[in-house]
């Protein structure tokens, strides 16, 4: 009897403690609301969950939450409050805010958001690579070592590889260009950009274009899925998800093992005075040796970063380009005329040719305005600030979104019209409202690389083929951590030019 009374007493105590904790959390939540409620926002759907139920519904229906935020921008202004439990995030859609928070090094990336990319389901993923490193001094050392390998002058020497790998894609497409076969362009674009980044950056011959059993395309797809699923609370703890979580973990480990082997072999070759490929990895390792800063764990983090992000974002840009050109006959005619004039029937595209493909550059920039593969970036305010008259509290997460700003009438006339001429030489520059590669010191190190690659692949594709989109094509966007066409990209192809191309 005494034992039973003691048990009931313990249960009552635990219940009292739980109720006290719940009450204290409610008080804290109310305090947070009072602290931030002066900032405009759509009504919260829940005292506890804030705006999360809205977002969860949209994710479930495969709707793009950024489009909702675009509507809110018109209704609530340039600074919008988002409530998630006791965390407040501010969406800042103002050139003034972009200039302040992205161009100055004093605002670090958000610890919680980028911390999720450090590991993926408990396996080290991007770690402390260039994208996720929050320590500015450590990041700056990494960037200093890697910048020369991504300079324009160094990348010019890689044009041969860009051409060779793009040519492999053309050969695969030629076999399918009968006007009837439905071609999964999204899959092939992801494979060619994977082959390019592997060869150009790390000297690896993956040959995924010609090997359906190659492990890396499947690994990249699972890791992309992992980036989506890891944002869902408690996903990895649900029993039915254990199998996919394990597969994602194994493929992250595969990517890191590949990087470790690649770096170790290259270091050994350099130490032994052996001939090494003139790729990005060799340049980085030599720069690191000169700086006396051979942090191999960070190099491995960056291998994973370059390998994953370096292929995925460019493939998405190419897919969105083909998708949009499929419904823009006037733009297409102008673009084909330029490709014919600059490239003609040459097999290899030179660096000088890239400079002359001015309208193609405008098309790619316009694609990035409407469909940036990475929609934005996130910072942490160490101090209080003011953006367009709205006080931004210290120690707050702030989001900057180039997708939303690129579709706002405030910054771009007729923003939903695809118009490459808005990026013509005589047009005003869209300062601080267009930043598909971010801005400031932490802008994307690979932007020159990716745009050279995209130009080579697009120029060759347009040189060789006519295409039609296979319906249905909704032209909607799917968010998997990076953006891609919701319906994928399926085309029917025909040879465009009967002339033989020069060797």
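The numbers here are math on the coordinates, done by the rules we state, and not lab data. Just so we're clear, the structure is a prediction, and the values are computed from it rather than from any experiment. Note that each Cβ is placed from the backbone with ideal geometry, even for glycine, and that neighbours are counted across all protein chains shown.
A simple spin-label model places the labels of residue 327 and residue 171 3.6 nm from each other, with each point 7 Å out along Cα-to-Cβ.
Each Cα pair under 8 Å and six or more residues apart adds its separation to the average, and for region 279-376 the resulting relative contact order is 34 percent.
Under the simplified labelling scheme, the residue 264-residue 410 pair shows an inter-label distance of 5.3 nm, with each label point 7 Å from Cα along Cα→Cβ.
If you look at the Cα atoms of region 344-441, you get an Rg and a Dmax of 17.3, 58 Å. Shape descriptor for region 249-401: Rg over Rh equals 1.09 (Cα atoms; Rh from the Kirkwood inverse mean 1/r). Using the Stokes-Einstein relation with a Kirkwood hydrodynamic radius computed over Cα pairs, the translational diffusion coefficient of the chain at 4 °C and a viscosity of 1.567 mPa s comes to 52 µm²/s. Using the Cβ-Cβ distance between residue 242 and residue 211 with R0 set to 22 Å, the FRET efficiency from 1/(1 + (r/R0)^6) comes to roughly 0.15. If you fit an axis through the alpha-carbon atoms of helix 2-36 and take the longest principal axis of the Cα set of the chain, what angle between them do you get, 0 to 90°, nearest 10? Long axis of 2-36 versus the principal axis of the chain: about 60 degrees. In a fully extended conformation the segment linking residue 334 and residue 250 would gain 25.6 nm over its present Cα-Cα distance, using 0.36 nm per residue.
Maximal additional length on extending the residue 182-residue 144 stretch stands at 9.1 nm, based on 0.36 nm per residue less the C-alpha distance. With Rh defined as the Kirkwood radius, the inverse of the mean 1/r over Cα pairs, the Rg/Rh of region 1-135 is 1.12.
Taken as Cα centroids, region 301-331 and region 249-290 sit 26 Å apart, rounded to the nearest whole angstrom.
In region 434-480, inverting the average of 1/r over every pair of distinct C-alpha atoms gives 13.8 Å as the Kirkwood radius. Our summary of shape: the Cα atoms of region 387-452 have principal axis extents of 40, 30, 19 Å, ordered from largest down, in whole angstrom.
Semi-axes of the equivalent ellipsoid of region 105-260 are 30, 25, 13 Å, computed as sqrt(5λ) over the eigenvalues of the C-alpha gyration tensor in descending order. Estimated from the Cβ-Cβ distance and a Förster radius of 22 angstrom, the FRET efficiency linking residue 427 and residue 103 is about 0.50. Value of Rg to Rh for region 307-373, rounded to two decimals, is 0.99; Kirkwood radius and Rg both from alpha-carbon coordinates. Taking the longest Cα principal axis of the chain as reference, the axis of helix 136-146 is set at about 10 degrees.
Compared with the dominant principal axis of the Cα atoms in the chain, helix 296-325 is inclined by about 70°. Can you give me the C-alpha center-to-center distance between region 414-475 and region 20-56, rounded to a whole angstrom? Measuring centre to centre over Cα atoms gives 39 Å. Would you work out the relative contact order for the chain, in percent, from Cα pairs under 8 angstrom that are 6 or more residues apart? Result for the chain is 22 percent. For region 95-141 and region 348-412, what is the separation of their C-alpha centers, rounded to whole Å? One Cα centre to the other: 17 Å.
Entry for region 374-503 at q = 0.09, 0.10, 0.19 Å⁻¹: log10 I(q)/I(0) = -0.43, -0.52, -1.42, Debye formula applied to identical alpha-carbon scatterers, no solvent contribution.
Counting only DSSP H runs of at least 4 residues, each contributing -39500 (n - 2.57), and dividing by the residue count of the chain, the helix-based mean residue ellipticity at 222 nm comes to -17500 deg cm²/dmol.
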